[in-house]
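The structure follows.
The values are calculated or read from the model by the stated rules, or taken from the named source; none is laboratory data. Keep in mind that this is a model prediction, so the values were computed, not measured. Every residue, glycine among them, receives a Cβ derived from its backbone with ideal geometry; neighbour counts consider all protein chains shown.
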Amino acid sequence: MTFFNELLGIYANPKELANEIKDTEGLSSPIKFFTFVNIITSIILLISSIIEGQTIVMGISTAIGTFIMMYPTIFIASGFIHLIMKLFGDSKKYFQTFKAIAYSLALGILSGLFEIIIFYIPSASFLNYIVALWSLYVMIIILREYSDLSKMKFIFSMMTIITIQIILVLLFIGVLAYFGFLSPTVAS
């Protein structure tokens, strides 16, 4: 299956894609796919930064920073989700969880394209929320296809994962607010 067919499968029919790539063993295939997606997303971010009036150096540093930071992020997120699903009794291997996360993050390409649209049409910012929800949907569909948990255990594991993520985001925002990073600057 080619990169573009896999990418199209994520947007059009994630369940069918999950069945097609189910037998792929190891991390090499999802890492290659994720690398291609990450390169495309970084290029789109670079273009978006330049369109928004940032310097080329700032755009390049944003693109490179995003490219580099996505790798530890995907491994940590996959490990976290895999651990929670193991706590609920799932017996699948880590690479299956990694595969689900890698393919669901491919929707970041759309998010990058929407940044360009949002620059010209600020009221279109809702598009990023749609992409985030679709990414969550794709992740859940692929994880469900690979999971051997019962339907109820799977639902509870997903609810646990989402709840923990919300708590972590709120804690992060709280820490930023506590140290004054979220307070507006006041000109005197």
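Among Phe80, Phe88, Phe95, Phe75, which is the only one that is surrounded by 14 or more Cβ atoms within 10 Å (Cβ to Cβ) and over 24 Å from Ile155 (Cβ atoms)?
Among Phe80, Phe88, Phe95, Phe75, only Phe75 is surrounded by 14 or more Cβ atoms within 10 Å (Cβ to Cβ) and over 24 Å from Ile155 (Cβ atoms).
Among the residues of the stretch 81-118, write down those that are more than 22 Å from Val37 (Cβ to Cβ) and in contact with a Ser or Thr (Cβ under 7 Å, 6 or more places away or on another chain).
Listed by number, the residues that qualify are Ile84, Met85, Phe88, Asp90, Lys92.
List, please: which pairs have Cβ atoms under 8 Å, are six or more places apart or on different chains, and start with a residue in the stretch 139-163 that is closer than 14 Å to Lys86 by Cα and end with one that is of a type in the set (Ser, Thr, Tyr)?
Between residues of the stretch 139-163 that are closer than 14 Å to Lys86 by Cα and residues that are of a type in the set (Ser, Thr, Tyr), the close pairs are Leu143/Thr97; Tyr146/Thr97; Asp148/Ser91; Leu149/Ser157; Phe154/Ser147.
Are any of the residues in the stretch 136-152 at pLDDT below 85 and either among the charged types (D, E, K, R) or buried (at least 19 other Cβ atoms within 10 Å of the Cβ) (or both)?
Within the stretch 136-152 (the criterion being at pLDDT below 85 and either among the charged types (D, E, K, R) or buried (at least 19 other Cβ atoms within 10 Å of the Cβ) (or both)), the answer is no, since none of the residues qualifies.
Step by step: first the residues of the stretch 1-34, then only those that are assigned to a helix (DSSP H, G or I) and either touching a His at 6+ places or on another chain (Cβ under 6 Å) or among the β-branched types (Val, Ile, Thr) (or both), then the one that is surrounded by the most Cβ atoms within 10 Å (Cβ to Cβ). Which residue is that?
Only one residue tops the list, namely Ile10.
Output yes when any residue across the stretch 123-130 is under 14 Å from Asn13 (Cα atoms) and surrounded by 15 or more Cβ atoms within 10 Å (Cβ to Cβ), and no when none is.
Within the stretch 123-130 (the criterion being under 14 Å from Asn13 (Cα atoms) and surrounded by 15 or more Cβ atoms within 10 Å (Cβ to Cβ)), the answer is no, since none of the residues qualifies.
Is there any pair linking a residue in the stretch 1-22 that is of a type in the set (Asp, Glu) to one that is at pLDDT 85 or above, with Cβ under 7 Å and at least six apart or on different chains, and which?
Glu6/Phe33
Now a separate question. If I go through the stretch 35-68 residue by residue, how many of them are more than 30 Å from Lys92 (Cβ to Cβ), part of a helix (DSSP H, G or I) and β-branched (Val, Ile, Thr)?
Residues flagged as more than 30 Å from Lys92 (Cβ to Cβ), part of a helix (DSSP H, G or I) and β-branched (Val, Ile, Thr) within the stretch 35-68 amount to 10.
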